[in-house]
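The values are calculated or read from the model by the stated rules, or taken from the named source; none is laboratory data. Computed from a predicted structure; not experimentally measured. A quick note on method: Cβ atoms are made from the backbone with ideal geometry, for glycine too, and the neighbour counts reach across all protein chains shown. Surface areas here come from the heavy atoms of the whole protein model, side chains and all, with no ligands, DNA or RNA. Shrake-Rupley method; radii C 1.70, N 1.55, O 1.52, S 1.80 Å.
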Amino acid sequence: QVQVEESGGGAVQEGGSLRLSCTFSVVSMFDRAMGWFRQAPGKEREGVSCLTPSTGNTYYADSVKGRFTISKDNAKNTLYLQMNSLKPDDTATYYCLAKVLGTSLQYWGQGTQVTVSS
């Protein structure tokens, strides 16, 4: 069983920081893309940031560029999202994704809530 599990969400004041973590099992052994999405109630899920470990290429949504940083720890099979200068608009449930490249396989975490108060 492939497991994807996020942690690190919470409630912070505007301008604060959080670091989200996502641990992967098994899927991290494959050629993959890894990333973070977020979804607010009643809204569509949107991509926040992603990377491809094999190339080091990264992507950031314009809304988070310069404030969020995606990274990974190979030894721990863990993906991180460092979120700085948080804004109320960042409030959402954040989901971790691993996609096995060359296949249709996608593995999602259960989500972790981020709430930013003005």
Among the numbered conditions (1) more than 15 Å from Gln113 (Cα to Cα); (2) assigned to a strand (DSSP E or B); (3) polar (S, T, N, Q), tell me where Ser63 comes up short. (2)
Inside the stretch 31-60, the number of residues satisfying the requirement of being β-branched (Val, Ile, Thr), surrounded by fewer than 18 Cβ atoms within 10 Å (Cβ to Cβ) and in a strand (DSSP E or B) is 2
Within the stretch 61-98, can you find the residues that are loosely packed, with under 13 Cβ neighbours inside 10 Å and under 18 Å from Phe24 (Cβ atoms)? Asp73, Asn74, Ala75, Lys76
Cross-chain or 6+ apart pairs with Cβ under 7 Å, the stretch 36-53 first and farther than 17 Å from Val4 by Cα, then β-branched (Val, Ile, Thr) and part of a loop (DSSP other than H, G, I, E, B): Ala40/Thr91; Val48/Val64
Taking the stretch 70-100, which residues are among the aliphatic types (A, V, I, L, M) and closer than 15 Å to Ala11 by Cα? Met83, Leu86, Ala92
What do you reckon, is Ser104 within 19 Å of Ser25 (Cα to Cα), free of Cβ contacts under 8 Å to residues at least 60 places away in the same chain and open to solvent by 20 Å² or more (accessible area, probe 1.4 Å)? yes
Does the stretch 93-103 contain any residue that is modelled with pLDDT of 95 or more and farther than 21 Å from Gln3 by Cα? no
Hey, can you tell me all the residues within the stretch 89-111 that are under 19 Å from Lys72 (Cβ atoms) and among the charged types (D, E, K, R)? Lys99
Looking at this structure, is Val48 at negative phi, modelled with pLDDT of 95 or more and touching a helix residue (DSSP H, G or I) at 6+ places or on another chain (Cβ under 8 Å)? no
Within the stretch 11-24, of all residues that are open to solvent by less than 30 Å² (accessible area, probe 1.4 Å) and at pLDDT below 95, the one nearest to the chain's Cα centre (by Cα) is Cys22
